[in-house]
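Written below as structure tokens is the structure these notes are about.
Readers should treat all values here as calculations from the given coordinates under stated rules, not as data from a laboratory. Note that this is a predicted model, so its numbers are computed, not measured. Here the Cβ positions follow ideal geometry from the backbone for every residue, glycine too, while neighbour counts run over all protein chains shown.
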Amino acid sequence: MANVLVICGSLRKASFNAIVAKSLPALAPAGMNLITSPPIGDIPLYNADVQEKGFPASVTALGDAIRKADGVIIVTPEYNYSIPGVLKNAIDWVSRLPDQPFAHKPVALQSASQGPLGGARAQYHLRQTLVFLEAHVFNRPEIFVATAQNKVNDKGELTDNVTRDFIKQQLEGFAKFIVRVSGK
Ligand SMILES: Cc1cc2nc3c(=O)[nH]c(=O)nc-3n(C[C@H](O)[C@H](O)[C@H](O)COP(=O)(O)O)c2cc1C
């Protein structure tokens, strides 16, 4: 059984990325268990002076959850062609933890946006950040949910079958990748 932590980069209640994240358990292969990450919206803005006094509990909770997981999936919007501040802030905090949680961790990326590129630019910036953290980022298939507003229903479900199929393929590939990377 692979336990995979899902981190959503949007705090919005009706978030399209949260809808994508919520769709994952139904699309995952047998043996992949998806776990929602501790909330990243509770993490204060990074400040080394705060860190010196001790890591906030919200940061250690996220770090512990990442370390414990066999893999991580980050589902995020793109803000101004890049990573939303709230997600970057969470990553910056956990990157300062001892036994850096992302080191050698298999990570898959997904993004949803209301624009035509589906958050591709944010994903590539995220890949760059994860290089420094020594994460093992899964290559492809990549998941860019473009014009996400047309791919969900009013119950907050991802309904677009092409997107659902791509996600299935990514999760199947990611399950094998976790085994390859971690030998589990
Ligand atoms: C501050 C801000 C910047 C944005 N910049 C982009 C952008 O660069 N590219 C893009 O495709 N969408 C951009 N959007 C639109 C988002 O795709 C849209 O708000 C999306 O619904 C956000 O994801 P969510 O539904 O998961 O919250 C931006 C939205 C906000 C609030």
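Quick one: how many lysine pairs in the chain have C-alpha atoms under 24 angstrom apart, if they're 8 or more apart or on different chains?
Close lysine pairs under the 24 Å cut-off: 26.
Would you please calculate the Kirkwood hydrodynamic radius of segment 100-178 over all C-alpha pairs and express it in Å, rounded to one decimal?
Every distinct Cα pair counted, the radius reaches 13.4 Å.
Just rank Met1, Met32, fewest to most, by other beta-carbon atoms within 10 angstrom.
Ordered by Cβ neighbours within 10 Å, fewest first: Met1, Met32.
Mind checking which of Ala61, Ala122, Gln169 is farthest towards the positive end of the chain's charge dipole, using Cβ charges of +1 (Lys, Arg) and -1 (Asp, Glu) about the Cα centre?
Farthest towards the positive pole: Gln169.
Can you bin every Cα-Cα distance in segment 48-126 into 10 Å intervals starting at zero and give me the percent of pairs per bin, rounded to whole numbers?
Whole-percent P(r) values from 0 Å outward: 18, 45, 30, 8, 0.
What dipole magnitude, in Debye to the nearest 20, does the chain give about its Cα centre under +1 on Lys/Arg Cβ and -1 on Asp/Glu Cβ?
For this selection, approximately 280 debye.
Which of Ser111, Ser182, Ser37 comes first, and how do the rest follow, when ranked by fewest Cβ neighbours within 10 Å?
Lowest to highest Cβ neighbour count: Ser182, Ser37, Ser111.
Run the numbers for Asp99 and Arg12: contour at 0.36 nm per residue of separation, minus the present Cα-Cα distance, in nm.
Full-extension gain reported as 28.2 nm.
Which FRET efficiency value, to the nearest 0.05, is calculated for Thr147 and Asn47 with the Förster distance at 35 angstrom and r the Cβ-Cβ distance?
The formula returns an efficiency of 0.40 here.
Cut-off 20 Å, label point 7 angstrom out along Cα-to-Cβ of Ser182: give me the residues of segment 64-81 whose amide nitrogen falls inside.
It comes to 64-75, nothing else.
Between Ala135, Leu87, Gln100, whose Cα lies farthest towards the positive end of the dipole of segment 39-169 when Lys and Arg beta carbons carry +1 and Asp and Glu beta carbons carry -1, centred on the Cα centre?
Ala135
Which shape class applies to segment 132-184: rounded if a/c is under 1.5, otherwise prolate when a/b exceeds b/c and oblate if not, where a ≥ b ≥ c are the square roots of the Cα gyration tensor eigenvalues?
Prolate, because a/c is 1.5 or more and a/b exceeds b/c.
Under 4 °C and 1.567 mPa s, how fast does segment 1-91 diffuse according to Stokes-Einstein, given a Kirkwood radius computed over C-alpha pairs? Answer in µm²/s, whole number.
The calculation lands on 92 µm²/s.
Roughly what percent of Cα-Cα pairs across the chain reach past 27 Å?
Of all Cα-Cα distances in the chain, 22 percent exceed 27 Å.
Please find the FRET efficiency linking Thr159 to Met1, where r is the Cβ-Cβ separation and R0 is fixed at 25 Å, and quote it to the nearest 0.05.
According to the calculation, E is roughly 0.30.
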